[in-house]
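Only one structure is covered here, and it is reproduced in the block below.
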Amino acid sequence: MFPLTEENKHVAQLLFSTGTCPRCIFRFCGVDFHAPYKLSYEELLNELQKFLETEKDELVLEVSNPPPKKIRLQELEDGIDGIDNLSQNGKGRVSIIEDGSIASKNSSLNVCNVCLGILQRFCEKDFIKKVCQKVEASGFEFNNLVFSVSFPPQLSVREHAAWLLVKQEMGKQSLSLGRNDVVQLKEAYKWITHPLFTEELGVPIDGKSLFEVSVVFAHPETVEDCHFLRAICPDCFKPAKNKQSVFTRMAVMKALNKIKEEDFCRQFPCPPNSPKAVCTVLEIECAHGAVFVAGRYNKYSRTLPQTPWIIDGERKLESSVGELISGHLLTVFKAESFNFSSSGREDVDVRTLGNGRPFAIELVNPHRVHFTSQEIKELQQKINNSSNKIQVRDLQLVTREAIGHMKEGEEEKTKTYSALIWTNKAIQKKDIEFLNDIKDLKIDQKTPLRVLHRRPLAVRTRLIHSMETCYVDEHHFRLYLKTQAGTYIKEFVHGDFGRTKPNIGSLMNMTADILELDVESVDVDWPPALDD
C-alpha cells in the first residue's frame with residue numbers, strides 16, 4: 001500500500017518538483033514504517049508518479065520525469081561497478097585508488113537535492129552485494145555485524161533547507177512540522193540495508209557486535225555547502241588535531257541548532273539546488289573490536305623484562321615476557337597489534353614462581369576470533385614449548401569487563417617473596433630469628449631512586465605481614481616475606497639510603513643487601529584456574 005495520503009500530496013508534489021527523491025519525500029512526510037522504503041527505486045518512482053498524476057500536475061511531471069528505464073539502469077550499473085576500483089589492504093580497509101569516485105560520469109538520473117543520491121543508488125541490492133563481497137574478502141570471522149555509515153556533513157545543511165521549505169509550506173495550511181517529525185536519513189538507510197546485509201551474508205545485524213562494516217561517503221561537488229555556517233557561528237568550528245576538517249557533522253549540527261531560520265534562508269537556497277553527481281564512496285572498512293586473552297605466567301630468567309626495555313630509544317634486551325606470549329597470539333588471532341597488562345610487575349632480575357602472575361593481553365583488530373578450548377590449550381602448549389624463560393597456565397578468552405578483576409584491590413592483595421640476603425657482619429642463626437616474630441610491620445617508603453624517573457615522588461606506607469628466615473652461612477640468609485602489594489622489597493632490605501624506614505639493615509643494625517629475589521605467589525584470584 002502506498003504510504004502517502006491526500007494530506008501529504010501538496011508537500012510531496014512540492015518536494016518532487018524541486019528535485020527530491022521518493023524516499024526523502026517519505027521522510028519529510030513522516031512515513032515511519034519500513035516497508036515502503038524497501039521497494040526498489042524504480043517501483044517508488046512509478047508509484048509516486050501515479051500518486052501525483054492529475055491534470056494540473058502534468059507540467060511538473062514533464063519536467064521531473066525520470067530518464068528512460070534503459071538509461072537509468074545503465075547509469076546505476078556504472079555507479080555500482082565503480083566500487084571495483086576499490087583495493088584492499090592487509091588491515092581489512094578498502095580505499096579508492098583512482099579518482100576517488102564511484103560515479104564519475106554525469107548521471108542522467110535526477111540526483112536527489114537532499115540525500116545526494118544516498119537513498120537512490122547506495123541502498124539498492126546491487127550496491128549492498130558489492131559491499132558484502134569486500135566483507136567476505138577481508139578475511140574476518142564474524143557471527144553478526146554492526147553496519148555504520150558516515151555521510152557528508154553538508155547533508156545536514158540540505159536536510160535543514162528542505163525542512164524549512166516544507167515547514168513554511170505546511171504553515172500556510174496551519175500545519176506544523178518539527179525537526180523530529182522528519183525521519184532521519186540514517187534510520188531510513190538502515191531500514192532498507194539491514195535486511196539486505198542479513199540476506200547476503202547470512203548473519204544478523206547486531207548493534208553490540210564487535211565486527212563493524214563501515215562505509216564513508218563524500219560529495220566533493222557540494223563540499224562548500226557548510227562554509228557559510230562558519231562565518232555566522234565561528235565558535236562551532238574549532239580546529240582539532242585529529243580532524244582533517246573543522247566541518248564535522250557534530251559541528252554542523254551545532255551551528256544549525258544555533259542559527260536563526262531567517263539568517264539560514266538568506267545564506268542557503270530553500271529548496272537546495274540539485275547536484276550533478278551522486279555521492280562517492282571514499283572507503284569501505286572492516287574492523288573487529290579487540291578480544292582479550294588472560295592467564296598466569298611464570299618467569300624463570302633473571303635477564304628478561306616484563307615489557308620491552310628501551311632506554312633513550314635503544315633496546316637493551318632482545319625480548320620480554322609480553323612479547324614471548326603475545327607473538328604467538330598475534331599470529332594465531334591474525335591481529336594487528338597487542339597491549340599487555342598484568343597484576344603488578346617484577347624487575348628484570350626477579351623470577352616469578354609458584355602459581356604465576358595474572359596477565360591479560362588485548363589483541364587489536366583480530367581477524368580470527370573463534371577458538372575451541374582444545375585449540376586454546378594447544379596454543380598454550382606452543383607458547384610453553386617455545387621458550388625455557390617463561391611458562392603460561394590457565395590461558396583463556398575473557399571479556400574486557402573481566403579484566404577489571406585483575407586490577408581490583410591491587411594495593412590490598414598480598415604477595416609472597418623469597419630473598420637471598422647478604423650482611424656485612426658475620427651472623428649466627430640466633431641473630432636473625434627475631435625477624436620471625438615481627439608481624440604487620442608498618443614501613444614508610446619514599447619513591448625508590450631507581451624508579452623515580454617514571455614514578456612520582458611520594459611516601460607510601462606499606463605492611464610487611466610476616467617474615468620467616470632460613471640461615472645459610474655467616475654472611476647469608478634467606479628471607480621469606482608476605483607483604484602488601486606494592487611494597488618495594490629490595491628497598492626494604494637495603495634501605496635505599498634511608499628512603500625506606502625501617503628496613504632489614506636498620507632492624508639488624510648492620511648493612512644488608514639483596515642478592516636474589518623471587519616472587520613466590522601473587523594472591524589475586526583471577527583468572528579462574530582451568531583443569532590441565
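In the chain, taking the dipole from charged Cβ atoms about the Cα centre, the farthest positive-side position among 142, 118, 514 is held by 514.
In the assembled protein chains, residue 510 presents an accessible area of approximately 40 Å² (probe radius 1.4 Å). For mean projected area of the Cα convex hull in nm², the value computed from the atomic coordinates appears in the list (i) 26.8; (ii) 24.0; (iii) 33.1 under label (iii). Measuring with a 1.4 angstrom probe and ignoring ligands and nucleic acids, residue 190 comes out at about 70 Å² accessible.
Taking the Cα centre of region 439-491 as origin and assigning +1 to Lys and Arg Cβ atoms and -1 to Asp and Glu Cβ atoms, the resulting dipole is close to 420 debye. Label zone of residue 126 (point 7 Å out along Cα→Cβ, amide N under 19 Å): in region 12-34 this covers 22-23. Of 29, 279, the order by accessible heavy-atom surface (1.4 Å probe, DNA, RNA and ligands excluded), from most exposed downward, is 29, 279. Each Lys and Arg adds +1 at its Cβ and each Asp and Glu adds -1 at its Cβ; summed about the Cα centre, the chain shows a dipole of about 1460 debye.
Solvent exposure of the chain, expressed per residue, is 49 Å² of accessible area, with all protein chains present and a 1.4 angstrom probe. Projected label points at residue 39 and residue 339, each 7 Å from Cα along the beta carbon direction, are separated by 4.9 nanometres. Over what distance in Å are the Cα centres of region 250-270 and region 153-224 separated? Distance between centres, Cα-based: 18 Å.
Label-to-label distance, residue 172 versus residue 422, with points set 7 angstrom from Cα along the beta-carbon direction: 9.8 nm.
Checking the cross-link pairs 125/258; 129/238; 134/334 against a 29 Å limit on the alpha carbon distance flags 125/258; 129/238 as lying beyond it. Straight-line reach from residue 439: taking Cα to Cα under 26 Å and skipping same-chain neighbours fewer than 8 places apart, the lysines in range are 413, 415, 425, 429, 430, 482, 490, 501. Treating r as the C-beta distance of residue 382 and residue 440 and R0 as 41 Å, the FRET efficiency rounds to 0.40. In a fully extended conformation the segment linking residue 328 and residue 511 would gain 61.4 nm over its present Cα-Cα distance, using 0.36 nm per residue. Net charge dipole, region 375-507: roughly 420 debye, given to the nearest 20, about the Cα centre with Cβ charges of +1 for Lys and Arg and -1 for Asp and Glu.
So if we plug the beta-carbon distance of residue 203 and residue 521 into 1/(1 + (r/R0)^6) with R0 = 51 Å, what FRET efficiency do we get, rounded to 0.05? Computed FRET efficiency for residue 203 and residue 521: 0.70. Label separation (residue 476 vs residue 497): 2.9 nm, computed from points 7 Å beyond Cα along the C-beta direction. Farthest toward the positive end of the dipole of region 414-522, out of 445, 470, 423, is the Cα of 445, where the dipole comes from beta carbon charges about the Cα centre. Positive end of the dipole of the chain (Cβ unit charges, origin at the Cα centre): among 25, 236, 40, the Cα lying farthest that way belongs to 236. Applying 1/(1 + (r/R0)^6) with R0 = 60 Å to the Cβ-Cβ distance of residue 186 and residue 309 gives a FRET efficiency near 0.80. Taking every protein chain into account, the 1.4 Å probe leaves residue 422 with about 90 Å² of accessible area, to the nearest ten. When you filter the GluC sites (Glu not before Pro) in region 344-410 for DSSP loop state and at most 15 other Cβ atoms inside 10 Å of their Cβ, you are left with 408, 410. For the chain, with all protein chains present and a 1.4 Å probe, just round the carbon and sulfur fraction of the accessible area to a whole percent. Using a 1.4 Å probe with all protein chains present, the chain comes out at 49 percent carbon and sulfur. Rounded to the nearest whole Hz, the Karplus-based 3J(HN,Hα) values (6.51 cos²θ - 1.76 cosθ + 1.60, θ = phi - 60°) of region 33-45 follow the sequence 10, 6, 3, x, 5, 7, 5, 5, 4, 5, 4, 4, 4, with x at glycine and proline. By its C-alpha gyration tensor, with a ≥ b ≥ c as the square roots of the eigenvalues, how is region 291-411 shaped: rounded for a/c under 1.5, else prolate for a/b larger than b/c, else oblate? Cα axes put region 291-411 in the rounded bin.
The spacing between region 484-532 and region 25-41, judged by their C-alpha centroids, is 69 Å. Note on residue 349 and residue 9: the extension gain reaches 114.3 nm, defined as 0.36 nm multiplied by sequence separation minus the Cα-Cα distance.
The values are calculated or read from the model by the stated rules, or taken from the named source; none is laboratory data. As the structure is a prediction and not an experimental result, all values here were calculated from the model. Note that each Cβ is placed from the backbone with ideal geometry, even for glycine, and that neighbours are counted across all protein chains shown. Ligands, DNA and RNA are stripped out before the accessible areas are found, and what is left, the full protein with its side chains, is counted by its heavy atoms. Shrake-Rupley method; radii C 1.70, N 1.55, O 1.52, S 1.80 Å.
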